[in-house]
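For reference, the structure discussed in these notes is given below.
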Amino acid sequence: MYSLELAHSLTVSILTLFLVQGGDLCAADPATKETDLPAVGDTAKDFQLATPKGENVSLSEQLKKGPVVLLVLRGYPKYQCPVCTRQVGQFIANAAKFKKAKASVVMVYPGAAKDLEKRADEFIRDQSLPENFYFLVDPDYKFTNAYHLRWDAKRETAYPSTFVIGTDDKIKYAKISMTHRGRADAKEVLKALDE
């Protein structure tokens, strides 16, 4: 009887944890403060990162062309994230709509510097990037830390996040997921670009 009650209690506790975290047992680092996270109305910090082939891209230069959609991926947490792969594929499938909105799509792939370019190449190799899309690496989380998006937990890298940054450097749309799911989709980002 005692072991049955204990098992039931443990099951209820695990299920509660699962539901509270949005159905994902990999939840956010409790040390992250919501007030530190980039939010709508904030000025986006400028940054410069490189493609896996070494081409430098900066936020300020992209904003001279039009608004920027900033997609922060999970990088390589010991595997290629299938949710990131689907999200990137969906954004690429809508490339013509992003181009019509005069928006650049900047994707950031964070991780430890060792082998990051190799892992980034593995992630993007089956994709053909449209001219207004940029795939950048963030070695040793320099950008990720500056934006307070570092998910500093075992087998984690960064909180999957999406921002729309206007030509005035202001964040017009922000969606930061504290789990592996809950990503912005292209439709809602295109709507934010339209507003």
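The values are calculated or read from the model by the stated rules, or taken from the named source; none is laboratory data. Everything quoted here is computed from the prediction, not taken from an experiment. In this analysis, Cβ positions are derived from the backbone assuming ideal geometry, glycine residues included, and neighbour counts consider all displayed protein chains. Remember, those area values only see protein heavy atoms, side chains included, never the ligands or the DNA or RNA. Shrake-Rupley method; radii C 1.70, N 1.55, O 1.52, S 1.80 Å.
Go through the range 58-100 and give me each residue that's crowded, with 17+ Cβ neighbours inside 10 Å and β-branched (Val, Ile, Thr). If the condition is that a residue be crowded, with 17+ Cβ neighbours inside 10 Å and β-branched (Val, Ile, Thr), then 68, 69, 72, 88, 92 are the ones that fit. Listed by first and then second residue, the pairs linking a residue in the range 58-87 that is more than 16 Å from residue 164 (Cβ to Cβ) to a residue that is open to solvent by 10 Å² or more (accessible area, probe 1.4 Å) and outside any loop (DSSP other than H, G, I, E, B), with Cβ atoms under 7 Å apart and 6 or more places separating them unless they lie on different chains, are 58/48; 76/119; 80/122; 80/123.
A quick yes/no check of all residues on (1) part of a strand (DSSP E or B); (2) over 18 Å from residue 74 (Cα atoms); (3) open to solvent by 20 Å² or more (accessible area, probe 1.4 Å); (4) hydrophobic (A, V, I, L, M, F, W, C):
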site	(1), (2), (3), (4)
153	no, no, yes, yes
168	no, yes, yes, no
172	yes, yes, yes, no
179	no, no, yes, no
187	no, yes, yes, no
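Scanning the range 36-57 for residues that are open to solvent by less than 50 Å² (accessible area, probe 1.4 Å), touching a helix residue (DSSP H, G or I) at 6+ places or on another chain (Cβ under 9 Å) and closer than 12 Å to residue 165 by Cβ yields a count of 2.
Listed by first and then second residue, the pairs with beta-carbon distance under 8 Å, at least 6 apart or on different chains, first residue in the range 136-152 and under 19 Å from residue 115 (Cβ atoms), second open to solvent by 30 Å² or more (accessible area, probe 1.4 Å) and outside any loop (DSSP other than H, G, I, E, B), are 137/117; 141/150; 144/150.
Residue count for the range 61-100 under the criterion of being of a type in the set (Gly, Ala, Ser), over 14 Å from residue 131 (Cα atoms) and either out of contact with any strand residue (DSSP E or B) (no Cβ under 9 Å at 6 or more places or on another chain) or assigned to a helix (DSSP H, G or I) (or both): the result is 1.
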